[in-house]
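J.: First, the structure itself, so that you have it in front of you.
The values are calculated or read from the model by the stated rules, or taken from the named source; none is laboratory data. Predicted, not measured: the structure shown is a model, and the values here were computed from it. Methodologically, a virtual Cβ is constructed for each residue, glycine included, from the backbone with ideal geometry; neighbour enumeration extends over all protein chains shown. Just so you know, the surface numbers come from the protein's heavy atoms only, side chains and all, with ligands and any DNA or RNA stripped out. Shrake-Rupley method; radii C 1.70, N 1.55, O 1.52, S 1.80 Å.
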Amino acid sequence: MGTLWFNGTCFTMRKENESVSAIYIENGKIRALGNKDDLEERYGGNIEIKHDLQGKFLYPGFVDSHLHIIGHGEKLIRLDLSEVNEAAEMRTLLERNYKETKEDHWVFGEGWNENNFPDRKIFHRSELDEIAPDKPMFLTRICRHAALVNTKALELAGITKETKDPNGGVIVKDDKGEPTGFLLDTAADLVKEVIPGASDEYVKQALTVAIKDMFQVGLVGGHTEDLHYYGGFKQTFDQFLHVINGNEVKFRAHLLVHHEAVAEMEKEGYEIGEVTPFIELGAVKIFADGALGGRTAFLSDPYTDDPSTSGVAIHTEESLQQLVKKAREKNRAVAIHTIGDAALDMALTALERYPVKEGRDRLIHVQVVDDSLLERMKKLNVILDLQPRFVASDFPWVMERLGEERIQQSFAWKTLLNSGLHCAGGSDAPIEPVDPLLGIHAAVARTRLGEQHEGYLPKQKLTPFEAVQLFTSGSAYAIEKERERGLLAEGFVADFTILDKNLFEIEPEDILHTNVMMTVVDNTIMYQR
């Protein structure tokens, strides 16, 4: 039996301004599009359920092309510091969190960002010791490429003034060589290794809370990378299978596999591809560098506001190439985190040396790109995974990091799209809010919330149609699902995001005041306002 959705504006996303007023569904797939009278005449005997859209606006289901779902859940259930705008406020919240933390437990905080503080203060471990003298503390920076820890945490990890920087990381030290408690990239892993492992119940809670929140902001799915951080592949993957059961919870989860989790994936008998109708294993994830906020993104020239560093390469050029080669030996695509231009250069060299055989490679973030790198990307079978909301979070301070000349070739979403490269849109939650409407707004307006100006690098603004494409057909193309997801068309999945506004006609600031009325996956209502 079938379902009829009618009395709305249903944007097909096949081309701009194309819409229908009704859709007929059978077995979770779109059977026909048109108007109510026509579809009732053709399929009346099979229509069992009717949904009146009451004039609302239906889009192909929004999919976040890059995030960390469990990390997003952690942000929701742990102390969230991402909206804190003063160091004093952060200290007050940490003091309260310390008092609420049980004995023999770690004190955690998520998402602090010194660029939000007027004085750009980064706490010293001695200050954290005053707050938590007897409990280890681990505070993740907004970029997730740096962390602050207190002395107790350093002691448990065995980090002293004699400890050398690990490959791909920096233990920040003072003039006397003593660790300050600020750890960059893989240096933070030294402490993570001594944090007690996450329980099944904890992972389940974080995943459940995250997916519920994603439904509420209109997301029908996400491409996520979580399988290396919560007790290993099996423990984490089992919870995905448990939570996204295809009955109470239908959510399209595409799971990138960290290169260090691949061996356990193989041991458990899994391979890249569909595992259930709602869960897929995807490309091999590799980090090439860090992030601009902590100055760990790997640049070809030093940071403008700190000429002593050009960032951090997580791998040597040779080791990065070997990771790509290893993936190719099993006919696997790779997804490489690359923010700085030097990291992108390394990644492209590896992809050029070992071209993809099956699937599509993915370059995640791609924030600093010069003309020569752009031309090289155009010759490869790659999808660019963009995070438009970075514009709203990183400007204006990122101009200090990169300088006037280099910033002109950064965050250049329009240039990338106009070059013919395929692009998808994600949030990188928990680093950014998971709400796709915030990403769409940032792509269109290129301003921070509440700002009134023409936008940061206004020539790089996308049209509303281009911005919505990132989160629909772009996300589908990234995982070779462009023939069954991301559009309203016959044979495509019945995944819908239903809003109370027409994103293609309203002013950019009104995108921020648009409400999600319904989120539908496999013709099943997973959220209703």
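J.: Considering only DSSP states other than H, G, I, E and B, which GluC sites (Glu not before Pro) in the range 320-365 qualify as loop sites with at most 16 other Cβ atoms within 10 Å? Walk me through the numbers before you get to the answer.
T.: Details: sites: Glu329, Glu352, Glu358; in loops: Glu358.
Taking the range 320-365 and a limit of 16 other Cβ atoms within 10 Å, the loop GluC sites (Glu not before Pro) found are Glu358.
J.: Another question about this same structure. Over all directions, the average projected area of the alpha-carbon convex hull for the range 174-304 comes to how many nm²? Mind showing how you got there, number by number?
T.: Values: hull surface 44.7 nm².
Computed as one quarter of the Cα hull surface, the answer is 11.2 nm².
J.: Given a cut-off of under 8 Å on Cα pairs at least six residues apart, what relative contact order in percent is computed for the chain? Mind showing how you got there, number by number?
T.: Values: 1177 pairs, mean separation 88.0, N = 529.
Contact order relative to length: 17 percent.
J.: Going highest first, how would you order 252-261, 114-123 by mean Cβ packing within 10 Å? Kindly include the intermediate steps, with their values, before the conclusion.
T.: On the way: 252-261: 22.8, 114-123: 15.2.
So the order, starting with the most tightly packed, is 252-261, 114-123.
J.: Could you bin all the Cα-Cα distances of the range 95-252 into 5 Å bins starting at 0 and give me the percent of pairs in each, rounded to whole numbers?
T.: 2, 8, 15, 18, 17, 14, 12, 8, 4, 2, 0, 0
J.: Roll a 1.4 Å probe over the protein chains and send me the accessible area per residue for the chain in Å². Display every interim value, and only then the final one.
T.: Details: 21210 Å² over 529 residues.
Result: 40 Å² per residue.
J.: Ok, one more. Show Trp112, Trp106 ordered by accessible area, largest first, where the area counts protein heavy atoms only and the probe is 1.4 Å. It would help to have the intermediate numbers written out before the result.
T.: Details: Trp112 0, Trp106 25 Å².
Most to least solvent-accessible, the answer reads Trp106, Trp112.
J.: Between Glu162 and Leu93, what is the label-point separation in nm under the 7 Å Cα-to-beta-carbon projection?
T.: Between Leu93 and Glu162, the label points sit 3.8 nm apart.
J.: My understanding is that a pair violates if its Cα-Cα distance is over 24 Å; which of Lys75/Lys461; Lys164/Lys192; Lys357/Lys379; Lys15/Lys56; Lys29/Lys285; Lys459/Lys481 do that in this structure?
T.: Exceeds cut-off: Lys75/Lys461; Lys29/Lys285; Lys459/Lys481.
J.: Restricting things to Cα coordinates, could you compute the convex hull volume per residue of the chain in Å³? Could the numbers behind the result be given before it?
T.: Details: hull volume 76.9 nm³, N = 529.
Value for the chain: 145 Å³ per residue.
J.: Specify, per residue and in Å³, the volume enclosed by the convex hull of the alpha carbon atoms belonging to the range 323-390.
T.: Working: hull volume 5.3 nm³, N = 68.
With only Cα atoms used, the range 323-390 gives 78 Å³ per residue.
J.: Taking the Kirkwood radius as the inverse of the mean 1/r across Cα pairs, report the Rg/Rh of the range 256-373. Each step should come with its number before you reach the end.
T.: Working: Rg = 15.3 Å, Rh = 14.9 Å.
With Rg and the Kirkwood Rh in hand, the quotient comes to 1.03.
J.: Next up: Diagonalise the Cα gyration tensor of the range 338-455 and give the resulting equivalent ellipsoid semi-axes, square root of 5 times each eigenvalue, largest first, whole Å. List each step's numbers first, then the result.
T.: On the way: eigenvalues 130, 53, 29 Å².
Value: 25, 16, 12 Å, ordered largest first.
J.: Something else: Which order do the peptides 183-190, 480-487, 506-513 take when ranked by the mean count of other beta-carbon atoms within 10 Å per residue, highest first? Walk me through the numbers before you get to the answer.
T.: Values: 183-190: 23.4, 480-487: 18.5, 506-513: 14.5.
The most tightly packed comes first, giving 183-190, 480-487, 506-513.
J.: So what is the diffusion coefficient of the range 115-165 in µm² per second by Stokes-Einstein at 20 °C and 1.002 mPa s, using a Kirkwood Rh over Cα pairs?
T.: Numbers: Rh = 12.0 Å.
Value of D from the Cα-based Kirkwood radius: 178 µm²/s.
J.: Shifting gears a bit: What FRET efficiency comes out for Lys325 versus Asp119 if R0 is 56 angstrom and r is the Cβ-Cβ distance? Round to the nearest 0.05. Intermediate results must be reported in sequence, preceding the final value.
T.: Values: r = 47 Å, r/R0 = 0.83.
My answer for the efficiency is 0.75.
J.: With a bin width of 5 angstrom, please list the P(r) values of the range 34-108 as percents of all Cα-Cα pairs, from the 0 bin to the one holding the largest distance.
T.: Reading the bins upward from 0: 3, 10, 12, 12, 10, 7, 7, 7, 8, 7, 6, 6, 5, 1.
J.: Once you place label points 7 Å from the Cα toward the Cβ at Ser372 and Glu48, how far apart are they in nm?
T.: 6.2 nm
J.: Report in % the part of the accessible area of the chain that belongs to carbon and sulfur, leaving out ligands and nucleic acids; probe 1.4 Å. Don't skip to the answer; put the middle values down first.
T.: Values: 9650 of 21210 Å².
Looking at the chain in its full context, I get 45 percent from C and S.
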